[in-house]
Amino acid sequence: MSLAEIKQEIDALNPNERGELLHYLRAKWQRDDPEWRAELDRRVEEVRNGYYVTREELEERYGRRVAEGN
């Protein structure tokens, strides 16, 4: 199947199907991208080492920003 044929098939998809395709292609691209994989590995390691924000901390920070008008 040629790229032109693939584009025609995409044009025939409904918006929900296009959204699913978009998510699939993004995930496929990320899996195949060594830089993205390295960044993901780095972030996972940060969480394993205790560097993260809890939901409560996030809500507290967000609540303050809303109260301050930011």
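Of all residues in region 34-56, at least one satisfies being at pLDDT below 90, assigned to a loop (DSSP other than H, G, I, E, B) and open to solvent by 100 Å² or more (accessible area, probe 1.4 Å).
The residues of region 12-27 that are within 15 Å of the chain's Cα centre (by Cα) and open to solvent by less than 80 Å² (accessible area, probe 1.4 Å), listed by number, are 19, 21, 27. Quick one: count up the residues across region 1-11 that are open to solvent by less than 80 Å² (accessible area, probe 1.4 Å) and outside any helix (DSSP H, G or I). Qualifying residue count, region 1-11: 1.
The values are calculated or read from the model by the stated rules, or taken from the named source; none is laboratory data. Because the structure is a prediction, the values reported are computed rather than measured. For accessibility, only protein heavy atoms count, side chains too; no ligands or nucleic acids. Shrake-Rupley method; radii C 1.70, N 1.55, O 1.52, S 1.80 Å.
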